[in-house]
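Comments concern the structure below.
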């Protein structure tokens, strides 16, 4: 499972991304509040891991430390609950695609190096990789 970005959590809980961001946060809240299904759980009445961290981040939405604490708990919970891990991965794929600010672009690159990579939103002008383009022939000529 890809790591969950504290920045993404802060953006979503802060209401960035409009309706899509709000829906993504609500979906995560429902997911975290689902019962913990770990087979060897000692006390069935204990709250599911992550609820406290989720509520603390909701109380102070800009706190990246709280966001990182939530991300860490979610990662550990996913390691012990395969159903939660599958649902969290699906949520992360969907939430990562949601804009967190007007016009933001979020790209994910994984795996080995495949060559050149450019991640950008708006490009104005030429982009080259490797050898620079040949100079314009007309620019090198002098008018007599």
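Would you call residue 76 over 16 Å from the mean Cα position of the chain (by Cα), more than 16 Å from residue 33 (Cβ to Cβ), modelled with pLDDT of 90 or more and not in a loop (DSSP other than H, G, I, E, B)?
Details: over 16 Å from the mean Cα position of the chain (by Cα): yes; more than 16 Å from residue 33 (Cβ to Cβ): yes; modelled with pLDDT of 90 or more: yes; not in a loop (DSSP other than H, G, I, E, B): yes.
Yes.
Filter the range 15-38 for residues that are modelled with pLDDT under 85 and out of contact with any helix residue (DSSP H, G or I) (no Cβ under 9 Å at 6 or more places or on another chain) and give the result.
Once the filter is applied, which keeps residues that are modelled with pLDDT under 85 and out of contact with any helix residue (DSSP H, G or I) (no Cβ under 9 Å at 6 or more places or on another chain), the range 15-38 yields 18, 19, 35.
On the basis of being within 18 Å of residue 93 (Cβ to Cβ) and modelled with pLDDT of 80 or more, does residue 54 make the cut? Talk me through it step by step, then tell me what you get.
Numbers: within 18 Å of residue 93 (Cβ to Cβ): no; modelled with pLDDT of 80 or more: yes.
Criteria not met by residue 54.
The values are calculated or read from the model by the stated rules, or taken from the named source; none is laboratory data. As the structure is a computational prediction, the values presented were derived from the model and not from experiment. Cβ atoms come from the backbone with ideal geometry, glycine included; neighbour counts cover every protein chain shown.
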